[in-house]
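The values are calculated or read from the model by the stated rules, or taken from the named source; none is laboratory data. Keep in mind that what you see is a predicted model, and the values were worked out from it rather than measured. Note that we place each Cβ from the backbone using ideal geometry, even for glycine, and neighbour counts take in every protein chain shown.
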Amino acid sequence: MFTRLAVAGGAAGFGYTQLLPNDAKAVFFPAHAWLADAATAALRQIDAETAHNIAITAAKYNLTPVAPKPDDLLRTQVCGLGFGSPVGLAAGFDKNADAVDGLFGLGFGFVEIGTVTPLPQPGNEKPRMWRLTEDCGVINRYGFNSEGMAEVSRRLEKVAEKDRPIGVNVGKNKLTPEDEAAEDYSKGIRKLGSKADYIVINVSSPNTPGLRNLQKKDLLQALLKKVVTVRNELGHRPPLLVKVAPDLDAQELKDVAEASLAAAVDGIIVSNTTIARPETLRSENKAMQGGLSGRPLRARATKAVHDMSLATDQKLPIVGVGGIANGQDAFDKIVVGASLVQLYSMMAFEGPSIGHRVNTELADLLRLHGFKSVKEAVGAAHRNPELMPSDLRGA
């Protein structure tokens, strides 16, 4: 009874404080975060995609908490862009730029929307998203469900502003043949490039047939050279990154690194979801088809960041993604080579306060290890083996 009264009273207070400016709302963040995290737990009682859609709607109408500004220690610069924090929200959460304002309020240093396809498409049939609750993981096979670049472009016009980096992740339509893929990506760049702070070429989703074939060296290098040329023709030239899978073997990873360097892209996002299924998975949903993300991806993704950092000779900025649940996870990816990190799936288990918490814990860890900036920590484990994450020692 007391808990219900507390929640009801808290909800009423939350409704009142939503009328305040964002700076004032941040004062109430602990209480709002508690309510939002409780709501996240409640949403886990319904199917995953419906819960996801409810979360997007809440952020769209600014019904989410507003976090205090990140610690100044977290300010960094990558690809010529300034970031208030290296912790961002990965593509896939807000596919159609519905909720950018509310998502920035959660404390993220940048938000990446998409994947956006040239034409609208519904994606794969439902159900297409499952929680692996016992494993803190998610399997999805959405299949690039997108409202299309025209609609997303219209929405981005309303939210683009300086000092708040917005990435746009672009892909090809399902029915576009492989030999015409470059034109789909080029369409996305031409339409959305002027409204993006950076562009991502997604060639690594396991849920679009044949897409991962584009990671083969010759195909990838040709594709990247084409899209870099298209980007260079724009008046506004956003940095261009390529997003790759965590399932590449050593030779494939080397090929991606060489193709990326040869095409002069600006960075690499490592990684997308995995098609692997660790033997440690306990959930009955582990057999579902699709890409696995969340906690079970953490170690694999961190190793992929480490290996890509070495394969590129640390010449390209890397965005590390996969299984980040706390500041230590973010720190681990940074010291093995990531300049920025992203999270998404763990919000389903940790709630919307995760961005602020990771910021706080990461700043504490940077200070603990004597770093005066994020940049100073990037790749530090390659210079100081004591910083190497325990599951990578000897790798």
Qualifying strands (runs of 3 or more DSSP E) (wholly inside region 207-298; at least 1 residues being out of contact with any His (no Cβ under 6 Å at 6 or more places or on another chain) and more than 25 Å from Ala348 (Cα to Cα)): 240-244, 267-270
Qualifying residue in region 189-197 (condition: at pLDDT 95 or above, touching a Phe, Trp or Tyr at 6+ places or on another chain (Cβ under 9 Å) and within 23 Å of Ala90 (Cβ to Cβ)): yes
Any hit, region 352-361, residues being assigned to a loop (DSSP other than H, G, I, E, B), under 17 Å from Gly327 (Cβ atoms) and free of Cβ contacts under 8 Å to residues at least 12 places away in the same chain: no
Options Gly294, Gly370, Gly322, Gly394: the member that is modelled with pLDDT under 95, of a type outside the set (Val, Ile, Thr) and on the phi > 0 side of the Ramachandran plot: Gly394
Criterion: among the basic types (Lys, Arg) and touching a Ser or Thr at 6+ places or on another chain (Cβ under 6 Å) - qualifying residue of Lys158, Lys191: Lys191
In region 150-188, the residues that are under 30 Å from Gln77 (Cα atoms) and in a loop (DSSP other than H, G, I, E, B): Ala160, Glu161, Lys162, Asp163, Arg164, Pro165, Gly171, Lys172
Residue within region 74-95 that is crowded, with 17+ Cβ neighbours inside 10 Å, at pLDDT 95 or above and over 20 Å from the mean Cα position of the chain (by Cα) present: no
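Okay, residues lined up against (1) touching a Phe, Trp or Tyr at 6+ places or on another chain (Cβ under 9 Å); (2) surrounded by 18 or more Cβ atoms within 10 Å (Cβ to Cβ); (3) assigned to a loop (DSSP other than H, G, I, E, B); (4) at pLDDT 95 or above:
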residue	(1), (2), (3), (4)
Ala24	no, no, no, no
His32	yes, yes, no, no
Ala38	no, no, no, no
Ile46	no, no, yes, yes
Glu49	yes, no, no, yes
Tabulated pairs, region 57-80, first closer than 21 Å to Lys158 by Cα, second surrounded by 16 or more Cβ atoms within 10 Å (Cβ to Cβ) and basic (Lys, Arg), C-beta under 6 angstrom, 6+ apart or interchain: Val66/Lys25
